[in-house]
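Visitor: Before we start, here is the structure in question, set down as structure tokens.
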Amino acid sequence: MEIPYTIQIRPDTGLYNAKLGIWLFLASEVMLFGGLFSAYILLRVGAEPGMWPHGWLNVTLGTVNTLLLALSAITTLLAWAACKVRDFRKFKIFHACTILLALTFLGIKSFEYHDKLIHYEVQLTNGKFADGHLIEKSTDFDLAKKSGTVTLHGRIVDDERDLMDLRSPAAQSAKLDEVTITAADIKKMENYGPKHNTFTAIYFTLTGLHALHILGGTIVIFYLWAFGGAMWKTDPERFTNRIEVSGLFWHFVDLVWIFLFPVLYLT
């Protein structure tokens, strides 16, 4: 039994089945990310004055990733257009570009995550705070006690609030140097991972979920690029519809990043 409207448009909706399905799925995705964005707003509004981070993320890398996704949206559209005019060679070229752009995006994001995981805030027994990127191999308090010292490339401040706004004149003019701390002087040592504070928790949650969507979309696009030739030969119209559906998902994750970038990186 052949399923109707896999290619032809349904008269009641004006959409074929897969396109109707992806729009329903994207509606649920809007609710998912909408809830997380709402949580971000409420957490930020409810934060203690002076304790919400600013300038913690690399705007240059965020901008590059924004441009990469914008270009991938164009190449995805061009891949679909190539299918519409029955040019499979151009489809392969444009979708290959989309895959490369997506992998580059994920590579930059993994670099940003690594940078946060080797960045430590150390609360000292004298009430001050040391902050910087780890130089020695000791990665937590227990290992620090065994090695005796921890060395960071950073600075020491009197108040934790001085670490919150890295865009302030004082933070911009601060000199970073090697800071060596003995284990006996360490009260608490923690990297800038998800559990560090509210901002890093929502940052890793939002960008991590988005990165998983990018990875999932890339896998689907790669499958269509690598193994779609057989369907193209037997049923090019159905294959074109699949490219359109995958493209709609890709445009959605691009749009999510357009909101994530200014919310997390620029505010």
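No value in this document is a laboratory result; all are computed from the given coordinates. The structure displayed is predicted, hence computed values, not measured ones. Backbone-built Cβ (ideal geometry, glycine too); neighbour counts: all protein chains shown.
Visitor: In straight Cα distance, which aspartates and glutamates are under 15 Å from Lys92, not counting same-chain residues fewer than 8 positions off?
Guide: Those aspartates and glutamates meeting the cut-off are Glu244.
Visitor: Could you give me the ³J(HN,Hα) list for region 8-24, computed from phi with Karplus coefficients 6.51, -1.76, 1.60 and θ = phi - 60°, whole Hz, x at Gly and Pro?
Guide: With the stated coefficients, region 8-24 comes to 6, 7, 5, x, 7, 10, x, 10, 7, 4, 5, 5, 5, x, 5, 5, 5 Hz.
Visitor: Provide Val59, Val256, Val85, Val157 in ascending order of the number of other Cβ atoms located within 10 Å of each residue's Cβ, fewest first.
Guide: Lowest count first: Val85, Val59, Val157, Val256.
Visitor: Hey, what's the Kirkwood Rh for region 15-129 if you take every pair of different alpha carbons, in angstrom?
Guide: Roughly 18.4 Å, rounded to one decimal.
Visitor: Here's a follow-up. Using the 10 angstrom Cβ neighbour count as an exposure proxy, how do Phe249, Phe227 rank, fewest first?
Guide: Neighbour counts put them in this order, fewest first: Phe227, Phe249.
Visitor: Right, next: Give the order of Cys83, Cys97 when sorted by the count of other beta carbons within 10 angstrom, beginning with the fewest.
Guide: Ordered from fewest to most neighbouring Cβ atoms within 10 Å, Cys83, Cys97 come out as Cys97, Cys83.
Visitor: Mind listing P(r) for the chain? All alpha-carbon pairs, 10 Å bins, whole percents.
Guide: Percent of pairs per bin, in order: 6, 24, 25, 19, 13, 8, 4, 0.
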